[in-house]
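To start, the structure itself, in structure tokens.
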Amino acid sequence: DPEYPSAAAFLPPKKTIPALRAAAKSCEGCPLHLHATQTVFGEGPAGARILFIGEQPGDQEDLRGRPFVGPAGRLLDEALEEAGIKRSETFMTNAVKHFKFEMRGKRRLHAKPRAREIEACRPWLDAEIAAVKPRLIVCLGATAAQAMMGRAFRITKERGKVFKPADGPWIMATVHPSSILRAPDDESRRQAKRDFIKDLKKAASALES
Ligand code: URA
């Protein structure tokens, strides 16, 4: 598809995280770069044992250039702390590196990335995983989970299960922290957060094993 040349042409020859981050700044692998403020690349130490994949940056991530620093990120930080996972020892990234939104008045509302946008951005995600070589990948939400495990993957059925392929990193999926923020009332929000923490604890104990 000529409209989606993919990010592949923008990858640098040397695929370290700093080199990838620098090259990703000028990615035009899909049209999402046209309206976003900046590329939001993954962040964390190169040797992180656990790598988290979200969907795409939100409004605040787009403005600040860092993943998970808005409301969903705050909830994620609280849940990580409760699960005994230090964020500074994780690598945090997204399936799509540019914010996709629709204007509603003066507000920029999150818009769901299309399959071809996720595919166009895939070379960055693959390169991050190859550079970090995590022991465990945690997919936050269906976009990340289906990108990694196929469109038939269902979080509702398989959340919290650690899959251990013979080659490559272990992988599990749980809900996206934004889904917890959208819970209809306080009690269901508290329950959703407890369930999320439970999944993160499974991730933590898989790393201990
Ligand atoms: N939601 C995501 O999926 N990723 C972010 O970085 C922020 C919000």
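Conditions (1) open to solvent by 60 Å² or more (accessible area, probe 1.4 Å); (2) touching a strand residue (DSSP E or B) at 6+ places or on another chain (Cβ under 6 Å); (3) among the hydrophobic types (A, V, I, L, M, F, W, C); (4) in contact (Cβ under 8 Å) with a residue 24 or more places away in the chain, marked per residue:
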site: Arg49; (1), (2), (3), (4): yes, no, no, yes
site: Gln56; (1), (2), (3), (4): no, yes, no, yes
site: Pro71; (1), (2), (3), (4): yes, no, no, yes
site: Leu76; (1), (2), (3), (4): no, no, yes, yes
site: Ala83; (1), (2), (3), (4): no, no, yes, yes
site: Lys86; (1), (2), (3), (4): yes, no, no, no
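Out of the residues in region 92-123 that are away from the ligand (no atom under 14 Å from the Cβ) and in a helix (DSSP H, G or I), state the one that is least open to solvent (accessible area, probe 1.4 Å). Per the stated criteria, the residue is Ala120. Across region 128-178, the number of residues qualifying as within 30 Å of Pro12 (Cα to Cα), of a type outside the set (Ser, Thr, Tyr) and part of a helix (DSSP H, G or I) comes to 12. All told, Ala83 falls short of being within 14 Å of the ligand (Cβ to nearest atom) and either modelled with pLDDT of 95 or more or over 14 Å from the mean Cα position of the chain (by Cα) (or both). Whether a residue is in a strand (DSSP E or B) and either buried (at least 20 other Cβ atoms within 10 Å of the Cβ) or touching a residue at least 24 places away in the same chain (Cβ under 8 Å) (or both) was assessed, and Arg66 does not pass this test.
Yes/no per residue for (1) near the ligand (Cβ under 10 Å from one of its atoms); (2) among the acidic types (Asp, Glu); (3) within 25 Å of Met103 (Cβ to Cβ):
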position	(1), (2), (3)
Ala7	no, no, no
Pro12	no, no, no
Ala36	no, no, yes
Gly58	yes, no, yes
Asp62	yes, yes, yes
Gly65	no, no, yes
Glu78	no, yes, no
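The set of residues from region 4-20 being within 20 Å of Gly47 (Cβ to Cβ) and open to solvent by 80 Å² or more (accessible area, probe 1.4 Å) comprises Lys14, Lys15, Pro18.
Among residues of region 107-134 that are within 13 Å of Lys97 (Cα to Cα), those with a Cβ under 9 angstrom from a residue that is of a type in the set (Phe, Trp, Tyr) and surrounded by 14 or more Cβ atoms within 10 Å (Cβ to Cβ), sequence gap 6+ or separate chain, pair up as Glu117/Tyr4; Glu119/Tyr4; Ala120/Tyr4; Pro123/Phe10; Trp124/Phe10; Trp124/Phe41; Glu128/Phe41; Glu128/Phe91.
If you check Pro169 against the conditions, is it open to solvent by 30 Å² or more (accessible area, probe 1.4 Å), in contact with a Pro (Cβ under 6 Å, 6 or more places away or on another chain) and either of a type in the set (A, V, I, L, M) or modelled with pLDDT of 95 or more (or both)? Break it down into steps so the answer makes sense when it comes.
Details: open to solvent by 30 Å² or more (accessible area, probe 1.4 Å): yes; in contact with a Pro (Cβ under 6 Å, 6 or more places away or on another chain): yes; either of a type in the set (A, V, I, L, M) or modelled with pLDDT of 95 or more (or both): yes.
So Pro169 fits the description; yes.
Across region 181-202, a minimum of one residue is classified as at negative phi, free of Cβ contacts under 8 Å to residues at least 12 places away in the same chain, in a helix (DSSP H, G or I) and in contact with a Leu (Cβ under 9 Å, 6 or more places away or on another chain).
The values are calculated or read from the model by the stated rules, or taken from the named source; none is laboratory data. Computed from a prediction, not measured in an experiment: that's the story for all the values here. We place every Cβ from the backbone using ideal geometry, glycine too, and count neighbours over all the protein chains shown. Quick note on the areas: whole protein, heavy atoms, side chains included, nothing else; ligands and nucleic acids left out. Shrake-Rupley method; radii C 1.70, N 1.55, O 1.52, S 1.80 Å.
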